[in-house]
Structures are given as structure tokens and as C-alpha cells.
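Heads up: the structure comes next, in C-alpha cells.
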Amino acid sequence: MNAASFSPRTEARETGLLAAETTAVLVVDVQNYCCHREGADWKDRKTEFYWRAVSRSVERISALIHKARKVGVEVMYTVIESLTLDGRDRSLDYKISGFNVPRGSWAGRVVSSIAPAGDEIVFPKTSCDVFVATNIDFVLRNLGTKQLVICGGLTDQCVESATRHACDRGYLVTLATDACYAETQDRQDAALRGLGGFCRQREVSALVEELDAFPEVVAAAAAASPSGGIVPGGRRYVRFELADLNCKSLSKVVPDRNKEKAVYMYSGVLAMGANSEVLCFPPEIAAAGCPNFLLDPKWETATPLPWAPEVVRVICEMDQCPAVPRTICRRLAERLKRTHGLEVLAACEYEFTVAFEKDGSWAPAFDGVDIFATLQHAKVADLTYEIEDAMHRVGVDILTINAEYGPQLEMTFKPAFGVESGDQAATFKEGVKEICMKKGLRATFMTKPFGVKGIGNGGHWNHSLWKDGRNATGDGPSNERLSSIGEAWVAGILKHAPALEAICAPTPPCYCRHGNWAPTHADWGYDDRMAAVRVKRENQDDNFYVELRMPSASSNPYLVMAATIAAGLDGLDSQATLPPDRKAAKDATTPLPTNLEDALRALEQDAYMQHALGPDFVRWFTLVKRAEIETINSKYRASDTDADTSRAWQRMYMEYI
């Protein structure tokens, strides 16, 4: 029986929106998984009707939430997303249906054109009904919400269950009829008819007119902007950060009141040296008169920085510039997802050195090669605990801390999917340096900050390939071997390893590492620390992964990820055959370049990598790196002695890397 046939509250349900502070807009499941052409669920619904319905709805939702934010109406979202990577927490219905959207994955994000702004609430759910699967009712009552405007998809599934359950819980519901969608027109029409007695139904244009009756709210109006409005925690400044070719943070700081204005930076800024000295000019930049390029802030990365109490950091890319590491990384990750349905789950494993000033120069905080020695770590334990706490507060989850082989510290952190992994690594490096600087110390990820021989700071890149919520890297009942996907991926890395070396070892000191727990050949092996690619298997899906041991700590995490994905893609596309492992191959493997110039030539001569990373990027990268080499040799180094070479390397790299 239709509720309209017996409910005495039908007239009440037709009540218009009463007050902004008691109204909320709920956007249901408009996410990449089912509303983006590269989403896994999209592939089952490649119909013209569905595409038109989604496109129309997203356009209407955008208009609705834009107006709602202006008048202070709460905007919130639901997304289908598991609390775990393997989806073991899903409802039985979702398990039977056979799909999983892993926690933190691209598929679980709201589509970018209507993405949450500021601190708007997103409810991840693992069943059709948001009122069953989340604490939304508790939150709505805490907010004082009495009326809900619901939109999204699918009208006859998750939207319907949200509408009916909200009505049962005592909320007055309005359904935005042209901002929701089903798989077919018949299903859409039937769902709207069936919900007629449970909710008021209006098109978005009518709802916007109702919202016009509410006064605009200054803070909410700001939240309608791309930045999401309010700077968290009363922070007064926004720091727009761009990572250069060396992963050195470049920034402009803007007072919060001016954060919506366009922010520009010198177009050739990525071609500056590691120590921020202008060493060269890309020809096209010089020919254009060295103009400015517009920064492209990624507002979803806005984060209050514990080590900069007045500041919110926003990670940026740069329009028009062909050499932005984050852009290249993001595009290659998107290509991997688009062409093979794979996502990379990754984290860097960084070694770094902490130094203090002594007699006008820098000295390591402790000496020796006492790896894992508790007493060595105890000398700087308070500092490392402060770093761990700060990193936890910005979303970088430290897993382990220890003294390393050499006067080094090592920290590992929890992996993340896609470009977020690079964001975490860049945040970690800059944060560690700023925290130490405020204490009169210097933290450096420079590969060899003291001397020219022996152990150097490493930056191993650990990663696995995921598909449909499962680790696709391993195979066998106990994950005792690489899968066919994993084999082709590693084969691609080995094929392009000489070119990769320029990205993984981008400074002259990096080549001190060769033969000192760092690889000398393009080889691989299971649990083999001597190999360039170490396949680590711990008999669990989420612990079977690939450790690329080539990168030094001086490497740029965005570029390491981008170059590895590019090489792995070639392996997948060509179904490359994995050669014998290091122990079986013996001397049959390809040697890696032994100096930076040879590595740069290998990159230039690798036509596939040139194309994958972009010829303009390769040109900028090699131009900058050769300028650094030339400056060290002709300007900084007084002689060929080890002492002078070390001082020259320090001058170029120690402070900013």
C-alpha cells in the first residue's frame, strides 16, 4: 500500500524548507566507482541513458549544493566504501553481489566536480541503506537536522532506502527528482511513483528558489568556493606548495582572506637547482620572457601543519608546465587504472641524517654503523617521537622508527593508493626538515651528506598492485610467487632499469651507494636484499609486495612512482617475460649506470620512457641535472680531493634535499 493512501501527515510532508540550520542536503553515492567512465561499476552500465542521467544529475547536484553552501545548509555525502582493503566488513548483500570498493581508493571518492568542501561529512557505507550502515541518524540529530533534501543514485536502490528510512526516523524528506538517477527510465519513473507518499518531490530549480529565501552566510559562502572555505582551526595563512624536480618544497603564503585569488609562480621555477640557485633556463621559458604560470591548488590536500601553527598547506600542480612531478605521477596512475584496472598501493622507506652545527660546520647527531642499536636511537628519541606525532596529525602514519646502518635514522609509514602516496612522502620529507630546523638542527635526505664513500641514505619504494579490492601482485595458495601480472610488471621495471636509475639516483652522491646494500645490476629476487627488485612475501595478501631498492633518499617520490608505473606498464602491455632471478642469472643481468651522466644518457636513449614520462619533462630534468653537475665541478669544488668533493656536494644538496 502506498503511504499516501493512509498517512495523515501527507500535507506535512509537502511543507517547504523551513530554516537553513535545520536542513541538510544528502548526496548519495555519486562517486568514481559508479559515476566515472573509468569506474569498475561503470563498465556494467555503458548505456547512453545512464550516462545522460548521471551527467544531468551531477550538473543539478552542483547547482543545489552551491546554493545550499551559500545559505549555510549542511551538505553531506554517502559513498560505497569498505572500512578495509579486502572488503571483509561488507554486508552480505554486497559480498553476494561480488563488488568491493577498498578503503581509501580512487573508486570511493566523490566525483571531483561536486567533491566535498572543507570539512563536509562523508559517510562510507557497506550496504544499501545509509541509516543501517552508518551513524548518520546520530549525526543528523546532533546537528539539529529536521529536513533532508536527498539526491544521487540509484533512485530505486540506495536513494529509495535512504528516503524511506529517513521518513521512518521522523525527518521531513524532499527528493530532488532531476538530481537522482536509475539505470533505466522505467526504473526511475517507478521509483519516484513508489516514493510519492514518503517524501516531497521537487526539481532542483524549485529547491534553489526556496533556498533563496534564506539569508546568505559569510562562512558558508566561502565554503562554496573551490577551497571549501574555512581554514581549519582558525589558521590565518594558506601555504600553496609545489614540489620541484628534487621534491624541494616551493611555496607562496597567502593570508586566508585572499586565498581564493589566483596564485602564480615563475614559470621556470622547476628548472632551478637543488639549492634554489638559478642554474639554467629551459629555452621555451627564456624565449617567452620568463613569464608566470598559474598554480593549480588541490584543495582536497588542505592540511593544518603542526610544525607551522598559523598555516594550512595546500599541495599544488602548475598549469602549462610540462615538468610537474605530481602531475606526471597522477596521470600515469590514472593510465594504469584506465588500461588495466590496477591501482598502486605504495609507501617510501626513508633513511635520513640529523646534524647539528659544530665549529661553523655540520656534524652528524651520532656516528657509527650501529643499525637497530637502541642506544643510538635514544640519543635522538625525543626528536623522533615529536616527528611521529606531527606526522600522525597530518595523515602520515609512521609504522617503525630505528637507527640505521651509518649515522642515519629510518622511518617507514603506512602505504596509500596512487598520488596520495607521493603526497605523504613529500609531506614527510618537508615536515622532518622544518621540525629539525626549528630546533637548530638540520635533517637531510641527501644521499651522502658526509664523505664520499660507503653507506648512503636510501629511499626504497615499496608497492603492490591492486585490482577490485584484492592484491594482484602475488599468486598461489600462500602467495609464494608472483602472479602473471606481477611477473610482467617486474619484467618491465628490469627492462627500463638503466633509465630508471636517473630518476632513482638523481644526484652525484647517489652513486656512492652502489654495492653498499644498493644494487649494481638490473636484477630481482625473492626476499633478496642484493637485488634491484626485491619481492617480499609474507604469506598474506596485503603483505606481498615489491621493494624497488634502487631509489636513494634524494629521489623525488612522485617521479619514482611515475617512472616505475611507466616501466611496469610496458611490461603489462607487452606481456613481458620475467628473466631468471639474480642468483640464477649470475652475470647475465644488465649493469646499472655508475654515475649520473651515464644514467641521464640512458634515460634520453630510452624511447619508451621518453614518451611515457613526456619528452619535455625528460628535457627539463636532464637540463637541470647537468647544470647541477657543472656547477659542482666548476664552481663549488676547489679540488678533486674527497674533502672538497664532499663540501661541494653539501653546498648543492644538504639543506634542501
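Here are a few things to note about the model shown:
- Residue count for region 102-132, restricted to those that are over 25 Å from Q201 (Cα atoms) and among the aliphatic types (A, V, I, L, M): 2
- Test for V269: is it within 25 Å of R626 (Cβ to Cβ) and in contact with an Asp or Glu (Cβ under 6 Å, 6 or more places away or on another chain): no
- Tally, over region 362-418, of residues that are closer than 30 Å to R103 by Cβ, surrounded by fewer than 19 Cβ atoms within 10 Å (Cβ to Cβ) and of a type outside the set (S, T, Y): 13
- Matching residues in region 622-639 - criterion: being assigned to a helix (DSSP H, G or I) and among the polar types (S, T, N, Q): T622, T631, N633, S634
- Restricting attention to region 414-428, the residues that are in contact with a helix residue (DSSP H, G or I) (Cβ under 8 Å, 6 or more places away or on another chain) and among the charged types (D, E, K, R) total 1.
- Residue check for D528: farther than 15 Å from T473 by Cα and outside any helix (DSSP H, G or I): yes
- Qualifying residue in region 434-450 (condition: among the acidic types (D, E), surrounded by 22 or more Cβ atoms within 10 Å (Cβ to Cβ), under 25 Å from the mean Cα position of the chain (by Cα) and under 22 Å from V311 (Cβ atoms)): no
- Qualifying residues in region 571-617 (those that are charged (D, E, K, R) and modelled with pLDDT under 95) - the one surrounded by the most Cβ atoms within 10 Å (Cβ to Cβ): R582
- Here A333 clears all of (1) touching a Gly at 6+ places or on another chain (Cβ under 8 Å); (2) over 26 Å from F621 (Cα atoms); (3) of a type in the set (A, V, I, L, M) except the condition numbered (2).
- Out of A63, A19, sole residue that is more than 17 Å from T177 (Cα to Cα), at pLDDT 75 or above and either in the same structural domain as G152 (by TED's automatic domain parsing) or surrounded by fewer than 17 Cβ atoms within 10 Å (Cβ to Cβ) (or both): A19
- Count of residues meeting criterion [touching a residue at least 24 places away in the same chain (Cβ under 8 Å), assigned to a helix (DSSP H, G or I) and within 32 Å of the chain's Cα centre (by Cα)] in region 577-604: 6
- The residues of region 105-129 that are more than 23 Å from T155 (Cβ to Cβ) and crowded, with 18+ Cβ neighbours inside 10 Å, listed by number, are S105, W106, A117, G118.
- First in region 355-368 and under 16 Å from R651 (Cβ atoms), second anywhere and β-branched (V, I, T) and surrounded by 11 or more Cβ atoms within 10 Å (Cβ to Cβ), Cβ under 9 Å, 6 or more apart: A355/T444; W362/T444
- Strands (runs of 3 or more DSSP E) completely within region 122-210 that count 3 or more residues being without any contact (Cβ under 8 Å) to a residue 12 or more places away in the chain and touching an Asp or Glu at 6+ places or on another chain (Cβ under 6 Å): none
The values are calculated or read from the model by the stated rules, or taken from the named source; none is laboratory data. These figures come from a predicted structure and were not determined experimentally. Because the Cβ atoms are built from the backbone with ideal geometry, glycine has one as well, and the counts that use them run over all protein chains shown.
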